[in-house]
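Q: Structure incoming, see below.
The values are calculated or read from the model by the stated rules, or taken from the named source; none is laboratory data. Computed from a prediction, not measured in an experiment: that's the story for all the values here. Methodologically, a virtual Cβ is constructed for each residue, glycine included, from the backbone with ideal geometry; neighbour enumeration extends over all protein chains shown.
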Amino acid sequence: MKTSSLPTVSTLGLAICAALSLPACQPTHTDTAQTATQQQARAQVKKIADGVVVSPAQGQAKAVRIQVYQDDIFRITSMAHDDFSKVAKSIQVVAEAGGDFEVTQNAENVVVSTAKGQARVSLNDGRVSIVDKNGTTLLAAKNSGQFGPVTADPEPVKENSQVAKHYALTQQWNEGVSENLFGLGQHQNGLVNLKQQNVFLTTHNLEITIPFLVSDKHYGILWDNASQSHFGNPEGLKPLNEDLDLYTAEGTKGGLTARYYDGDKLLLTREETGPDYQFLAHNTTRETPFPAQLGEVTEPRIVWSGSLEAKQTGRHTLKMYSSGYAKLSLNNEVVLDRWRMNWNPWYHDVTVDMTKGQKVPVEIEWDSQGGYLALNHIGPTDPANAASVSLSSETGRAIDYYVVLGDDYDDIIGGYRQLTGKAVLLPKWAYGFWQSRERYKNQQEVVDTVKQYRQRDIPLDNIVLDWSYWPQDAWGSHKFDQTHFPEPQKMIDQVHKLDANIMISVWPKFYASTDNYKELDAKGYMLNRNVKVEQNLDWIGPGYLNGFYDPYPQESQQIFWRQLDENLNSKGIDAWWLDASEPDIHSNLSYQKRKENMTGLSVGTGAQYFNSYAVPNAEGVYKGERESDPEKRAFILTRSGFGGIQRAAAAIWSGDTVTRWSNLKEQIAAGVGTGLSGMPNWTMDIGGFTPENHYRYADGTDVGHFSQMDKEYQQQWQEINLRWFQFGAFVPLFRSHGQNPYREIYNIADEGTPVYNSMVYYTRLRYRLLPYIYSEAGKMYDQHNTLMRGLVMDFADDEKALNINDAYMFGPALLVNPIYEAGATTREVYLPANTQWYDFYTGKAYQGGQTITAAAPLNRIPLFVRAGAILPTGPAIQTVYEKPDAPYLLTIYAGANGDYTLYQDDGKSYDYEQGKSSLVRIQYDDATRTVTLHKRVGAYDSMTPQREYRIRLIDGATESATNWDTEGATTLLYKGEKISTML
């Protein structure tokens, strides 16, 4: 560290005049000196080992600390007092502060400078500005932060029997600045670009908050707060009638007309202030009960109608939280039409421009099906604040955030991972195909499924055993039900003999009668309010009392892992599915109730740590497995996540989606947004977890094979599954899962049919692409790369690419364009500018910067390859470890120079962390059509010392574009030394 002496403030009075907007305030030299002297007594500066602390003259923050974490990362901490020992320990950040910097001071600011930028703190009011090395202001705080009373925490935070100081926190930056913003985790709003959006940062079955925001102004913000937060309007959601005037269908001011039906029979008409059937209060009791006049009708159909009148002109957002069938119409036009399974509602948004005093006709129709509904509202943001960045949290000890500078998106994401931990490299088999269903009901079904794939010559690497393999009354025992799984060791051994892996579902949930619950509870590690106070029963059989454990203490993690190790890992389980890790202690309770049920956390209240449970839950399993099986790469799939989850050998998935086209489309943006948030390993339930009942049941029985379904729905079922499957082949983890009908390829369609053949084609293509996919996985660890890439990451200067929500790059070469509309045989595809593109299937060339109508017959998804791409592919294989020394094909796409590095390691161990891996850099010179394989860098124990490379060039339409065994390609025998050839 380098620091200069801090000079005396001599012109601070000028800053005060400016702040007070006094144009007549033009101080003389004497006035300036006097004002500066007065301010010096009020603004204090203290150097610390890794930065500086400023106590500004005014503002809500009494102390602002700047710390340097490396030359492109600053940490900013603002407090309503000056005791930094009270700052909460981070769940997200594992890096330590440190790096070279210089501290200087002028009349207005204290400046902390590194080689990459500066953090400037106003002596007057504590505002922080981040400036890059060229002097460009990237991030300018509006103030030192806002510290309000906590109203959303049901429990006071205590330290040493004293109520600790916590605040509702808000920080706003870049007022009036137009910028594009990305990230913040996995959300279901269908948007990649979050500019001027409102995002609720919470944790839910479908929602994962990773509070890392990336700007096209070349910076990122990691907001270090684990409570529920908001991006955008800090006021969040409001009841419909708070900022809108409501009118009945007859035009009477005060509410909407609500009509309750049993089918088509009208039971009740009354005036209401909008739908409010959002949460349960306890067990199955609703917070807002249905009217008593409905009698025995428990699943009514309800229609609300009338008008909305804005009190403020501007863009209004309506957020419909729903399950069952729900429609929202505005101005007599249906703007939302959604179905979700009754037990898992979530929000769907619509924005509408409204004029003050002008009525907008509205109708909400809900076929409740035992589900939930609310309609909330977010009013227009103050025009002065609409173009700004704002983050707010329900509770916290300090405003605490990190700013990462970078030349591009990969750079910025790399800074996030430097702070929160590297993305642990998953075992290679995780990038193959997984088969799952909810659920395999006995051990023979598990084994027979793997056998079917092997007999049909369809590649497979993982079979997943979902929940309820345990005795009905022993959830959390980690023991197998002896009736249906009498020989679990035999089952696991049989799967392994078939060259497959087995993943098993484990919840952080325990029935109170189990020995595992009792052991954790005796240590004080059970969140047992649900058992001892609320007494909520779950939905299994007669219902059982259950609690979730507290994963934050190290000893608790160790106990949880030991219980898994003794009962499951010892039998040879290969990977862990950590389900319900929000934690979903009891579904559909209010957020307030969920916080109460998390009371008892060792680190603080449920409100304070609401979003972070999944990280320690996964870390305990990851660390435990590394200790128990140090030679085997751990792998975890977790339903929730938070900042840092990637360091726990974890992937996340998008929760319990539904088999609807709209939900399929929303997963594209969800996956892209997750990648832009720094989390590279993402997946989803291919086909949607829960289908509508007309798919699931026929003639009073469960549908398994598609032929058991009513014929009128079979083609619909096959089409949406195929389109989802085609998309799923090009996300980081390729995983088919869901409730019945069964999800195996051969249960979705019969062998030899177009649907079956297409699914098999994309499975085999995935395995052909494994040299490419696994190279990109290796670079996630080595270079902080991202596999599922928003177009903005590679085409940052293309304005149109900034707002595309339904396409993405899969690694540096492939442009993926999923099909998400029923019956579609074409789709509009935007080809980003400043490069040439090739149709993956035909080799036909297109110039970038245009939208084309791409062919999308039922058996194909539109794929394009950018000019200069070098695409390595491997042999036809059934598992990822098969034929390790087989030739590779390098397909090079002409029109630009190419540069690609092929990464390899043993795919199984942690040796890569010790540098045991190899890199082969491949370059293509388009002018001379010369390909060069450079000298191999690195080695690993099982490395193939030499490999045959077949090299071909695509420079236009060709029938062999997807012939991965093409004859006539140029052949090189590569022995690790530099070698070149002309094509």
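Q: Can you name every residue in the range 930-957 that is farther than 30 Å from Gln836 by Cα, of a type in the set (A, V, I, L, M) and buried (at least 18 other Cβ atoms within 10 Å of the Cβ)?
A: Across the range 930-957, the qualifying residue is only Met943.
Q: Hey, another quick one. Among the residues of the range 799-827 satisfying the criterion of being under 27 Å from Gln716 (Cβ atoms) and among the aliphatic types (A, V, I, L, M), which is farthest from the chain's Cα centre (by Cα)?
A: Looking at residues that are under 27 Å from Gln716 (Cβ atoms) and among the aliphatic types (A, V, I, L, M), I get Ala824.
Q: When only residues in the range 170-189 that are part of a loop (DSSP other than H, G, I, E, B) and on the phi > 0 side of the Ramachandran plot count, which is modelled with the highest pLDDT?
A: Step one: of the range 170-189, the residues part of a loop (DSSP other than H, G, I, E, B) are 174-180, 187-189.
Keeping just the survivors that are on the phi > 0 side of the Ramachandran plot gives 174, 176.
Numbers: Asn174: 96, Gly176: 90.
The residue in question is Asn174.
Q: Let me ask you something else. Hey, among the residues in the range 385-402 that are of a type in the set (A, V, I, L, M, F, W, C) and surrounded by fewer than 24 Cβ atoms within 10 Å (Cβ to Cβ), which one's nearest to Ala796 (Cα to Cα)?
A: That would be Ala387.
Q: State which residue pairs qualify: first residue among the small types (Gly, Ala, Ser) and inside the range 268-291, second residue outside any strand (DSSP E or B) and surrounded by 13 or more Cβ atoms within 10 Å (Cβ to Cβ) in any location, beta carbons under 8 Å apart, and separation of 6 or more residues or different chains.
A: Listed by first residue and then by second, the contacts come to Gly274/Leu240; Gly274/Asn241; Gly274/Gly255; Ala281/Glu287; Ala281/Ser590; Ala281/Lys593.
Q: Another question, then. Within the set of pairs 6 or more residues apart or between chains, which connect a residue that is of a type outside the set (Val, Ile, Thr) inside the range 328-357 to a residue that is assigned to a strand (DSSP E or B) and surrounded by fewer than 16 Cβ atoms within 10 Å (Cβ to Cβ) with Cβ atoms less than 6 Å apart?
A: Qualifying pairs under 6 Å: Leu330/Val352; Asn331/Pro361; Asn332/Pro361; Leu336/Val350; Asp353/Arg315.
Q: Answer yes or no: is there a residue in the range 944-952 that is assigned to a loop (DSSP other than H, G, I, E, B) and either of a type in the set (D, E, K, R) or not assigned by TED's automatic domain parsing to the domain that holds Trp837 (or both).
A: Of the range 944-952, the ones assigned to a loop (DSSP other than H, G, I, E, B) are 944-946.
From the residues that got through so far, the ones that are either of a type in the set (D, E, K, R) or not assigned by TED's automatic domain parsing to the domain that holds Trp837 (or both) too are none.
Within the range 944-952, none of the residues are assigned to a loop (DSSP other than H, G, I, E, B) and either of a type in the set (D, E, K, R) or not assigned by TED's automatic domain parsing to the domain that holds Trp837 (or both).
Q: Moving to a separate point now. What is the number of the single condition among (1) over 30 Å from Asn174 (Cβ atoms); (2) charged (D, E, K, R); (3) out of contact with any Asp or Glu (no Cβ under 9 Å at 6 or more places or on another chain) that Lys359 does not meet?
A: (3)
Q: Would you call Arg639 under 18 Å from Pro732 (Cα atoms), of a type outside the set (S, T, N, Q) and either surrounded by 22 or more Cβ atoms within 10 Å (Cβ to Cβ) or at pLDDT 95 or above (or both)? So that I can check it myself, show each step before the final result.
A: Numbers: under 18 Å from Pro732 (Cα atoms): yes; of a type outside the set (S, T, N, Q): yes; either surrounded by 22 or more Cβ atoms within 10 Å (Cβ to Cβ) or at pLDDT 95 or above (or both): yes.
So Arg639 passes the test.
Q: Exactly one condition in (1) over 19 Å from Leu405 (Cβ atoms); (2) in a loop (DSSP other than H, G, I, E, B) is not met by Ala97; state its number.
A: Exception for Ala97: condition (1).
Q: Go through (1) farther than 30 Å from Leu460 by Cα; (2) assigned to a helix (DSSP H, G or I); (3) out of contact with any Phe, Trp or Tyr (no Cβ under 8 Å at 6 or more places or on another chain) and name the single condition Gly543 misses.
A: That leaves (2) as the condition not met.
Q: Right, something else. Step by step: first the residues of the range 370-384, then only those that are surrounded by fewer than 17 Cβ atoms within 10 Å (Cβ to Cβ) and touching a residue at least 60 places away in the same chain (Cβ under 8 Å), then the one that is nearest to Tyr347 (Cα to Cα). Which residue is that?
A: The residue in question is Gly370.
Q: I'd like to verify a number: residues in the range 344-372 that are assigned to a loop (DSSP other than H, G, I, E, B) and at negative phi, how many? Steps first, answer last, please.
A: Taking the range 344-372 and keeping what is assigned to a loop (DSSP other than H, G, I, E, B), we get 344-345, 355-358, 368-372.
Adding the requirement that they be at negative phi leaves 344-345, 355-356, 358, 368, 371-372.
So the count comes out to 8.
Q: Here's something else I'd like to know. Out of (1) assigned to a loop (DSSP other than H, G, I, E, B); (2) of a type outside the set (Lys, Arg); (3) closer than 18 Å to Pro380 by Cα; (4) modelled with pLDDT of 95 or more, what's the single condition that is false for Phe200?
A: The one condition Phe200 does not meet is (1).
Q: Considering only the range 499-513, I want to know if a residue exists there that is in contact with an Asp or Glu (Cβ under 6 Å, 6 or more places away or on another chain), farther than 28 Å from Lys632 by Cα and touching a residue at least 12 places away in the same chain (Cβ under 8 Å).
A: no
Q: Based on what the data block shows, is Tyr774 assigned to a helix (DSSP H, G or I) and in contact with a Lys or Arg (Cβ under 7 Å, 6 or more places away or on another chain)? Before you say what the answer is, go through the steps one by one.
A: Values: assigned to a helix (DSSP H, G or I): yes; in contact with a Lys or Arg (Cβ under 7 Å, 6 or more places away or on another chain): yes.
Spelling it out, Tyr774 is indeed assigned to a helix (DSSP H, G or I) and in contact with a Lys or Arg (Cβ under 7 Å, 6 or more places away or on another chain).
Q: Could you please find all residues in the range 265-280 being surrounded by 15 or more Cβ atoms within 10 Å (Cβ to Cβ) and over 15 Å from Leu373 (Cβ atoms)?
A: Going residue by residue through the range 265-280, those that are surrounded by 15 or more Cβ atoms within 10 Å (Cβ to Cβ) are 267-268, 271-280.
Selection gives Leu267, Leu268, Glu271.
Q: Now for a separate question. Counting just the residues of the range 929-958 that are in contact (Cβ under 8 Å) with a residue 40 or more places away in the chain and out of contact with any strand residue (DSSP E or B) (no Cβ under 7 Å at 6 or more places or on another chain), which one comes out nearest to Thr901 (Cα to Cα)?
A: Step by step, filter the range 929-958, then rank; the result is Lys935.
Q: Among the residues that make up the range 742-750, is at least one of them assigned to a loop (DSSP other than H, G, I, E, B) and basic (Lys, Arg)?
A: Among the residues of the range 742-750, at least one is assigned to a loop (DSSP other than H, G, I, E, B) and basic (Lys, Arg), which makes the answer yes.
Q: List the number of the failed condition for Asp264; all other conditions in (1) under 30 Å from Leu537 (Cα atoms); (2) free of Cβ contacts under 8 Å to residues at least 60 places away in the same chain; (3) of a type in the set (D, E, K, R) hold.
A: (1)
Q: Another question, if that's okay. Tell me, which residue of the range 203-214 that is assigned to a loop (DSSP other than H, G, I, E, B) and of a type in the set (S, T, N, Q) is surrounded by the most Cβ atoms within 10 Å (Cβ to Cβ)?
A: Restricting to residues being assigned to a loop (DSSP other than H, G, I, E, B) and of a type in the set (S, T, N, Q), the top hit is Thr203.
Q: Being under 22 Å from the mean Cα position of the chain (by Cα) and either over 30 Å from Trp539 (Cα atoms) or polar (S, T, N, Q) (or both) is the filter here; which residues of the range 333-348 pass it?
A: Asn344
Q: Run Ile585 past the list (1) free of Cβ contacts under 8 Å to residues at least 40 places away in the same chain; (2) closer than 24 Å to Met341 by Cα and report the number of the one that doesn't hold.
A: Evaluating Ile585 over (1) free of Cβ contacts under 8 Å to residues at least 40 places away in the same chain; (2) closer than 24 Å to Met341 by Cα leaves (1) as the failure.
Q: So if I check each of Ala824, Ala833, which one is closer than 27 Å to Gly687 by Cα, small (Gly, Ala, Ser) and surrounded by fewer than 17 Cβ atoms within 10 Å (Cβ to Cβ)?
A: Being closer than 27 Å to Gly687 by Cα, small (Gly, Ala, Ser) and surrounded by fewer than 17 Cβ atoms within 10 Å (Cβ to Cβ) holds for just one of Ala824, Ala833, which is Ala824.
Q: Being touching a helix residue (DSSP H, G or I) at 6+ places or on another chain (Cβ under 6 Å), under 26 Å from Gly421 (Cα atoms) and of a type outside the set (S, T, N, Q): is that true of Leu919 here?
A: no
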